[in-house]
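The structure appears right after this line, and notes come after that.
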Amino acid sequence: MLLQKKWNKVISILVIILSITAYQPLFANAKNVITADQTTITAYQQSISLFNQKYNFNLEPNQNIININDIAKDIWPNSINLTNLTNIKLNSFSYDLTNHMPYEIYDKLIGKNIKWGQVSPTDGIEYIQKAKIISADINGHILVKFNDRIEINPNGYAIIDDLTENIISDSGIKISMKTTGGKASLSLDYLSHGLNWQSNYILILNNQDNIKQRYDDQKIWQGEEISAKLTGQITIDNQTGINFNNAYIRLVAGDINHINQSNMIYDNPNIASLKMANNQISEKTASDKHIYKLDDKVNLKNNAILTMPFINSDNLIILKKYILKNRVFANRNDENDNIQFTNPEINFSFQNNKKSGFKKALPAGIVRIMAIEDDAPMLLGEDQIAHMPIDETINIKSGKAFNIIAKRQQITFNQGKDYNVFNASFKITLKNAKKNDVIVEIIEYMPGKWQITDQNIKAVKTNLTNAIWQINVPANDSAILRYSMKSR
């Protein structure tokens, strides 16, 4: 029989609600439990966080036990460090991991009569019915028997109103100590998974009707100058199993070396909410890392995602290039067997310095390139960038050009007595279906010790590994590069 209750009514009996999909750090003797007065979280982009929690509390004379439950569920027990103890003589501390697992509690309920609650998503009414736990496993799967059916992982939660049995025991960090009573304090440090952060960027290209070509002092083409707007935001995802109230958060860009010791006991993939925060972010460099600090304290609920803008540049000058790359593999086959068709890559680049209109270090993340078409944004492509300190060149690939086609063909191949020595010639035809002239940069990666023996257009740059040509292709027309090379 279903018992119907309004969700907003006060439940008169003591119940503990165990959600199948959500973790909660409860279950200690409230008399001995202390909670953090201040939390500082230092989060890395490798799914690792360092937690510093400070506690101020009162002790009874000769009290010998205190418990800490407000800790991340994926804590690394061997990283726990207790410091700054006042009015406490530490004997020992222990970490009880098992009771952080809903499985452990369901296991104790097997064969017992309980109640099962479900909340209607439409009207918010809670429905409660009698149930019995038949089985539970460590992966979070449970089998529940109702009056008329048996369900695997049913929606809802168990309700226990009989706490006479030792279903729930102390959990978390238990500190054994000596004290004379009165005011005391301590600081807790530990490492954990569960709190992740990442940065994402949007690069919006402005009107490209008036294209300006940029050349360096040696008259080498650098690309098409385009003005753009760059925005960036930081996203913090809390899957630690607990809420953080008025926490200080520091985000560290830069990889750290650590020993992989996965402690992912109970995975909860559900995301409860996404929130945009209007929080200022300051940055500094320290100990070979770049640190982004939220200037204000943050309330970050478990399973919540917090998003904050951290950069905004309206007048960024970027360079656009069409780049055709190829690694030379010459062989004996005739020319008809060595024809390749491809499209040049579209590459955008800028330097994060004052000249480009943006001087700021960038943490690694995804950059999405947009253009405004018909008064609405259009995605042109996206790319991943690494950590970028100031005065570096950021290169972003958005995809391949639709209206520019390259046909690459091996024309000749001659091999000498030495198998490693050969001569070859190539022809690259570029066709431009656009309404404006374009420049295509061709980069040919050469094998062995090589040299160009003939070319109809002079390469603008050569080094030990490649030769670079910059070919002007008129609108609705084509252009051809021919070159011969020797390798040994």
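What follows is calculated from the coordinates using simple rules that are stated; it is not laboratory data. The structure displayed is predicted, hence computed values, not measured ones. Cβ coordinates were reconstructed from backbone atoms using ideal geometry, including for glycine residues, and neighbour counts include every protein chain displayed.
Say a paramagnetic label sat at a point 7 Å from the Cα of residue 225, along Cα to Cβ; which residues of the range 352-376 have their backbone N under 17 Å from it? Residues 352-358 qualify, since their backbone N sits under 17 Å from the label point. Our estimate of slack between residue 57 and residue 189, defined as 0.36 nm per intervening residue step minus the Cα-Cα distance, is 45.8 nm.
Using 17 Å as the cut-off for backbone N distance, which residues of the range 288-310 belong to the label zone defined by a point 7 Å from the Cα of residue 386 along Cα→Cβ? Taking a point 7 Å out along Cα→Cβ of residue 386, the residues of the range 288-310 whose backbone N falls under 17 Å are 288-290. Bridgeable lysines around residue 417 (alpha carbons under 24 Å apart, same-chain partners fewer than 8 residues away excluded): 449, 486.
Label-to-label distance for residue 218 and residue 458 is 1.2 nm, based on points extended 7 Å past Cα in the beta-carbon direction.
The label-point distance for residue 152 and residue 314, in a model that sets each label 7 Å from Cα toward Cβ, rounds to 5.8 nm.
With R₀ fixed at 35 Å, the C-beta to C-beta distance from residue 295 to residue 119 puts the FRET efficiency at about 0.40. Close amide H pairs (under 5 Å, H built 1.01 Å from N) link residue 302 with 243, 244, residues at least 5 positions away or on another chain. If you model the range 383-488 as an ellipsoid using its alpha carbon gyration tensor, with each semi-axis the square root of five times an eigenvalue, the axes come out at 28, 22, 12 Å, biggest first. Of the chymotrypsin sites (Phe, Trp or Tyr not before Pro) found in the range 358-447, those in coil by DSSP whose Cβ has at most 15 other Cβ atoms within 10 Å are 402, 419. In this structure, residue 353 and residue 83 have a Cβ-Cβ separation that, at R0 = 35 Å, corresponds to a calculated FRET efficiency of about 0.25. So which lysines pass the test for residue 132, namely a Cα distance under 26 Å, with those fewer than 8 places away in the same chain ruled out? Leaving aside lysines fewer than 8 places away in the same chain, those within reach of residue 132 are 5, 6, 9, 108, 112, 115, 145.
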